[in-house]
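The values are calculated or read from the model by the stated rules, or taken from the named source; none is laboratory data. This one's a predicted model, so the numbers in the text were calculated from it and none came from an experiment. For neighbour counting, all protein chains shown are included, and Cβ atoms are generated from backbone atoms with ideal geometry for every residue, glycine included.
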Amino acid sequence: MIKPVHLTRRFFLQTSAAGFAASATALPALAANLQPVTFQLSWLHSVQFGGSYIAMKNGYWSDLGLDVSLAQGGPNAPVEPPVVSGTALVGISAADYTAAAVEQGAPFKIIAVAMQRNPFAIASLSGNPVNEPADLIGKKIGMAVANTPVLQALCTLNGIDINQIEIVPTQYDPAPLVSGQVDCLLCWETDLPVAMTVQGVENTTMLMADYGYAVHSQTYIATEESLTERRDTLVSLLKGEVMGWNDYYKDTDAAAALAVEMFPDAGLDPEAQKLQAARQVPLMFSDLTAEHGFGWFTQDTVAENIETLGLLGRQVTADLWDRSVLEEVYG
Amino acid sequence: MAVGRFIVTAVVFALVWEFLARAQTGSMIISGPVAIAEYLTNNSGLIVRAATETTTNAVLGFLWGNLAAMMLAVIVTLLPRSEWTISTLALLVFCIPLIASGPILRVLFGPGPGPQITLAALAVYYTTFLAFLVGLKAVSQNWTDLMGVYGRGRVATLFTVRLRASVPYLFVGLQIAAPAAFLGAMIGEFTGAERGLGVLTLRAMRGLQTDATWSLACVSAGIAMLGYGCLGALRRKFTPHAPVILFSPKRLDLGRSITIQLIGFVSVVGLVFVLWQGAMDAFGLNPFFAKRPGDIFRFLSEPAHLNTLLAALGATLAYAVPGYLAGLGLGAGLAILLMLWPPVARATMPIAIALRAVPIITTAPLLVLAFGRGFTGTVAIVAVMIFFPTLVACLQGLRQTPAQIVDLFESYGASRFQLLRSAQIPAMLPALFASARMAVPAALLAVTTAEWLATGRGIGVLMALTSSTSDYNMLWSCVVVLCLVAVVSYAFVAWCEKKVLGIYANEQLA
């Protein structure tokens, strides 16, 4: 059983109370002097970023002196350009994406990890399930061809010949599976399978993280320059984020309801949001986070990542990760 | 009577649709009219807010894009020597795919509707430019000669003769632009917009909300049809005169020497590089994602990179050429069909507009289901993405048949087919070639989209990889190659056009 995380809102208010009292007296109009910060999300608004919404709604960031704008992502809104350009201070990425961007010259560091376990999964219909990697043999898998290295890595990790799987290029959409064009899909555990379940399509998922695929996902990235020049802002941003996600962990239904309420124009389905919020928990919260706090990573988890990233053709060192901001957050 | 027939057709259409939807229930691919009406009723607030947002951006993009197109065409008319340079630059800007322009626009504009409006404008300016230019040239030489005799210059000729003659073709451009601007605004939302029909479409498709997907498609198609219809009404109001015969003597081809042409070509290439580098520097765009000419030159100096690119190009061209021809054929064929059997037009036009106004991510799964993921399916996706401008332009081209000639054919009791073959199709040629030029970049971009949707090979997949690999060098190399192919193909189409129109419509070669 995972213990509740020891960091609470009160903890932060106590630790930073002295500093606040000083600044509050010096600057009576504190609320008007919030520092504007853009936080680039990796996809459209949904409970995927529930902790951030809680941080915003409960004023965790404004208490810490920040006015955070959450910039939504999208199919043609990659995270890296705004973070490189400095229009966003922090972006949500994934270790494989970040490694590739660094290879291309972006000065990124991973400063925290929201998804300890990678959300990639193989989804299939329960009548014709893929329960373990060996079941993939002879199956038609629908996926974006860009993700072929991911499937290749899974195959290598489990001693399967990828040529025995038929790859069908599809959009990121559950319809090809439901209409029988393919036997399974390469997708996130938390999106397409949730959609199928909510629409009454019985499905089975096999989480790739259970079969050796260790790639940190929903990672927080910032540039080296920000790490030196805007360190305090980064610490405050992550502090608020941690508090938001701790609240999320306590009540995922409330987080789902908040996402629906905050974005009435996003067309979010309340049931799907609830299920997604619950399914995210085992990916984000573990014994490690119970002990050290949300977002934490260690030499060991980094080493596992380096190994899987090697299978994806990314040669990286532990320098890609920088825990110093997180250490200040919990310090 | 016409209203009665329309209602009967609509009811039959709805019944067939509903039947198909119910026969397919398990696969969650098609929604019927009943389910769509139910969804729209239950979510009216959401849909109205999203439609307002997208429509506003589309209208602004429509205005800016068409304004820019008209100004460019006027400049070309006043300074004929600039035609080649301006046409090439206009073509190149149109060739930049969303995957390359999206991040740049979002970084430049930040949050807000800037990228959506810009992409809507970019989606329309090119077709309007080409159509309007055809119109400005569609004048009889005796009119311009008369202006010359009275000592009036180019500007006076432009206002008193050319602008009036151009009206039917200008409306071709505007009618093509109506659904295109809407689609552009929707696709623009994929760059991280907070709200709009495009955002909802993405969500609905991934959420397996078939009713929502179909409702959104219907709303999009409906708004685009409204725009198209209004512009059609305006066109009929502003072009009350029947088309006349345009007299234009055969021109002496004063072909410029190879040296002059070569100098012209080199200076345009130089200009493109200067503008490319200059624009990116002026806006201070980070070279991580906004690659300069020098970056691409260095990147492609590696044989491995060049070989990857050329192999992908081969795969892309194998689909681009058939897709291009299929799109042109579909557009021109439909236009001729509609001319021969006008009742078919009333049934077909709404579907054609719908196919143009709905994002391909919504229509592609249906096309793939019908035609498969192989050659036929890919060509079908390309054809569906590009046929609409050809259809609209050719329809107007057929209407441009001079009234005197139609009268002559009728007085001799000629059949519809004889009229079509000997009078209407020749009258359509300027419009057909304008659409053949419009379709060049459109087909290339359509193939790259079809590739990541269905085949999983080619330049489109190479570009799509950028999202996970940040390989912006490869992305911009792909853009350069697409631009080169577009320029060469465009020049070839223009050469064919010159040969054919030299016989049928000399005024266009002025």
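The single condition from (1) of a type outside the set (D, E, K, R); (2) within 13 Å of another protein chain (Cβ to nearest Cβ); (3) more than 30 Å from B:Ile29 (Cα to Cα); (4) surrounded by fewer than 24 Cβ atoms within 10 Å (Cβ to Cβ) that B:Gln141 fails is (2). Within region A:196-211, the set of residues being out of contact with any Lys or Arg (no Cβ under 8 Å at 6 or more places or on another chain) and over 17 Å from A:Ile141 (Cβ atoms) comprises A:Thr197, A:Val198, A:Gln199, A:Gly200, A:Val201, A:Glu202, A:Asp210.
The residue that is nearest to the other protein chains (Cβ to nearest Cβ), among those in region B:289-298 that are surrounded by fewer than 19 Cβ atoms within 10 Å (Cβ to Cβ) and not charged (D, E, K, R), is B:Gly294. For A:Ser62, the requirement of being surrounded by fewer than 21 Cβ atoms within 10 Å (Cβ to Cβ), closer than 20 Å to A:Ile111 by Cα and in the same structural domain as A:Glu261 (by TED's automatic domain parsing) is not met. Listed conditions (1) more than 21 Å from B:Ala180 (Cα to Cα); (2) touching a residue at least 60 places away in the same chain (Cβ under 8 Å) are all met by B:Met147, apart from (2). For region A:59-95, filtered to residues that are part of a helix (DSSP H, G or I) and at the interface with chain B (Cβ under 7 Å from one of its Cβ atoms), the residue that is farthest from A:Gln116 (Cα to Cα) is A:Ser85. Within the span defined as region B:414-435, every residue fails to be within 23 Å of A:Ala77 (Cα to Cα), surrounded by 24 or more Cβ atoms within 10 Å (Cβ to Cβ), of a type in the set (Gly, Ala, Ser) and touching a residue at least 60 places away in the same chain (Cβ under 8 Å).
Scanning region B:350-359 for residues that are in contact (Cβ under 8 Å) with a residue 12 or more places away in the chain and in a helix (DSSP H, G or I) turns up B:Pro350, B:Ala352, B:Ile353, B:Ala354, B:Leu355, B:Arg356, B:Ala357.
Looking only at residues of region B:166-197 that are assigned to a helix (DSSP H, G or I) and touching a strand residue (DSSP E or B) at 6+ places or on another chain (Cβ under 9 Å), we find that the one that is farthest from the other protein chains (Cβ to nearest Cβ) is B:Glu189.
One residue alone among A:Ser42, A:Ser46 is surrounded by fewer than 23 Cβ atoms within 10 Å (Cβ to Cβ), out of contact with any His (no Cβ under 8 Å at 6 or more places or on another chain) and either among the aromatic types (Phe, Trp, Tyr) or under 30 Å from B:Ile361 (Cα atoms) (or both), and that residue is A:Ser42. Only one of the listed residues (A:Ala88, A:Ala77) is modelled with pLDDT of 95 or more, closer than 19 Å to B:Ala290 by Cβ and assigned by TED's automatic domain parsing to the domain that holds A:Val235. That residue is A:Ala88. Within region B:144-172, if we keep just the residues that are small (Gly, Ala, Ser) and more than 26 Å from B:Val93 (Cα to Cα), the residue that is surrounded by the most Cβ atoms within 10 Å (Cβ to Cβ) turns out to be B:Ala165.
The residue that is farthest from the other protein chains (Cβ to nearest Cβ), counting only those in region B:216-226 that are crowded, with 24+ Cβ neighbours inside 10 Å and of a type in the set (Gly, Ala, Ser), is B:Ala224. The residue of region B:471-510 that is surrounded by the fewest Cβ atoms within 10 Å (Cβ to Cβ), among those that are out of contact with any Phe, Trp or Tyr (no Cβ under 7 Å at 6 or more places or on another chain) and either hydroxyl-bearing (Ser, Thr, Tyr) or in the same structural domain as B:Val161 (by TED's automatic domain parsing) (or both), is B:Tyr504.
Is it the case, given these coordinates, that A:Val235 is surrounded by fewer than 21 Cβ atoms within 10 Å (Cβ to Cβ) and either of a type outside the set (D, E, K, R) or in a helix (DSSP H, G or I) (or both)? Reasoning before the result, please.
Working: surrounded by fewer than 21 Cβ atoms within 10 Å (Cβ to Cβ): yes; either of a type outside the set (D, E, K, R) or in a helix (DSSP H, G or I) (or both): yes.
Against the criterion (surrounded by fewer than 21 Cβ atoms within 10 Å (Cβ to Cβ) and either of a type outside the set (D, E, K, R) or in a helix (DSSP H, G or I) (or both)), A:Val235 qualifies.
Scanning region A:199-215 for residues that are free of Cβ contacts under 8 Å to residues at least 60 places away in the same chain and farther than 23 Å from A:Gln116 by Cβ turns up A:Gln199, A:Gly200. Return the only residue of B:Val124, B:Val139, B:Val107, B:Val134 being within 15 Å of the chain's Cα centre (by Cα) and in the same structural domain as B:Thr88 (by TED's automatic domain parsing). After ruling out the rest, the residue left standing is B:Val124. Of the numbered criteria (1) of a type outside the set (D, E, K, R); (2) more than 18 Å from the chain's Cα centre (by Cα); (3) more than 14 Å from every other protein chain (Cβ to nearest Cβ), the one B:Gly460 fails is (3).
For region B:352-405, a residue qualifies if it is charged (D, E, K, R) and under 18 Å from B:Leu183 (Cβ atoms), and exactly one does: B:Arg356.
Only a single criterion out of (1) closer than 26 Å to B:Lys498 by Cα; (2) over 15 Å from the mean Cα position of the chain (by Cα); (3) not aromatic (Phe, Trp, Tyr); (4) not in a loop (DSSP other than H, G, I, E, B) is not satisfied by B:Thr401, namely (4). Confirm whether A:Asp300 is among the acidic types (Asp, Glu) and in contact (Cβ under 8 Å) with a residue 60 or more places away in the chain. Taking the combined requirement at face value, the residue does not satisfy it. Would you be able to tell me the number of residues in region B:259-269 that are at pLDDT 80 or above and farther than 14 Å from B:Leu484 by Cα? Looking only at that region, the number is 6.
The residues of region B:12-53 that are exposed (fewer than 12 other Cβ atoms within 10 Å of the Cβ), within 14 Å of another protein chain (Cβ to nearest Cβ) and farther than 21 Å from B:Met225 by Cα, listed by number, are B:Ala23, B:Gly26, B:Gly45.
Looking across region B:122-144, the residues that are part of a helix (DSSP H, G or I), touching a residue at least 24 places away in the same chain (Cβ under 8 Å) and either farther than 26 Å from B:Leu67 by Cβ or among the aromatic types (Phe, Trp, Tyr) (or both) come down to B:Tyr125, B:Tyr126, B:Phe129, B:Phe132, B:Gln141, B:Asn142.
Of all residues in region B:360-373, those that are farther than 21 Å from B:Ser215 by Cβ and not assigned by TED's automatic domain parsing to the domain that holds B:Leu197 have Cβ atoms under 7 Å from Cβ atoms of residues that are modelled with pLDDT of 85 or more and assigned to a helix (DSSP H, G or I), 6 or more apart or on another chain, in B:Val368/B:Gly377; B:Phe371/B:Gly377; B:Phe371/B:Ala380. The residues of region A:78-88 that are more than 19 Å from A:Trp188 (Cα to Cα) and either crowded, with 22+ Cβ neighbours inside 10 Å or of a type in the set (Phe, Trp, Tyr) (or both), listed by number, are A:Glu80, A:Pro81, A:Pro82, A:Val83, A:Val84, A:Ala88.
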